[in-house]
Amino acid sequence: YDRLSPPPDPNDESLWSDTARFYLIGLGGRGQKSLKELGVWDEVKSYCTTVVGRKDWPPDAGPEGGVERIFTDRPYLTEVLARDRLTGVLEAVVKRDYAGAVTIHYDSELRGMKWEADEATGKSL
């Protein structure tokens, strides 16, 4: 259940061309490894841009007070994409590969849930 509306189409280049409109996230080693283990990294990576550093601003710094950091000694390069685009890619994978097993509800709020035990194994479902 998601209280938000469905994510935008990750392939709509007219939407994604203005990166200033979106919250960008960086996927480092742990994120890339997790997505690889889920079998979706190659698809996600096709929407990413590789970066070799970042710029940080202390709370009291003005626009020119940012500190740039370039990383050349890391085993993974950071891959960046819009958070909403990542959501759209993952939604597309779920709909394509798990349509019979997963149902996504948008504009909804989950108010309660009951876990039941499988009669054959006694384990929670």
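Couple of notes before you dig in:
- For segment 1-27, a residue qualifies if it is in contact with a helix residue (DSSP H, G or I) (Cβ under 8 Å, 6 or more places away or on another chain) and open to solvent by 70 Å² or more (accessible area, probe 1.4 Å), and the qualifying residues are Pro6, Asp9, Tyr23, Leu24.
- Verdict on Ser14 being small (Gly, Ala, Ser) and in a helix (DSSP H, G or I): yes
- Some residue of segment 45-55 being in contact with a Phe, Trp or Tyr (Cβ under 7 Å, 6 or more places away or on another chain), open to solvent by 40 Å² or more (accessible area, probe 1.4 Å) and over 20 Å from Ile104 (Cβ atoms): yes
- Cross-chain or 6+ apart pairs with Cβ under 6 Å, segment 88-117 first and in a helix (DSSP H, G or I), then exposed (fewer than 11 other Cβ atoms within 10 Å of the Cβ): Val94/Val102
- Residues (open to solvent by 90 Å² or more (accessible area, probe 1.4 Å) and more than 11 Å from Leu4 (Cα to Cα)) located in segment 101-117: Thr103, Arg111, Met113, Lys114, Trp115, Glu116
- Residue that is surrounded by the fewest Cβ atoms within 10 Å (Cβ to Cβ) [pool: residues in segment 68-87 that are among the polar types (S, T, N, Q) and not in a loop (DSSP other than H, G, I, E, B)]: Thr87
- Tyr76 being of a type in the set (Phe, Trp, Tyr), in contact with a Gly (Cβ under 6 Å, 6 or more places away or on another chain), touching a residue at least 40 places away in the same chain (Cβ under 8 Å) and under 28 Å from Pro10 (Cα atoms): yes
- Output for segment 41-95, where each listed residue is out of contact with any strand residue (DSSP E or B) (no Cβ under 7 Å at 6 or more places or on another chain), of a type in the set (Asp, Glu) and over 17 Å from Pro7 (Cα atoms): Asp42, Asp60, Glu64, Asp73
The values are calculated or read from the model by the stated rules, or taken from the named source; none is laboratory data. Here the structure is a predicted model, which is why all the values come from computation and not from measurement. Cβ atoms come from the backbone with ideal geometry, glycine included; neighbour counts cover every protein chain shown. For accessibility, only protein heavy atoms count, side chains too; no ligands or nucleic acids. Shrake-Rupley method; radii C 1.70, N 1.55, O 1.52, S 1.80 Å.
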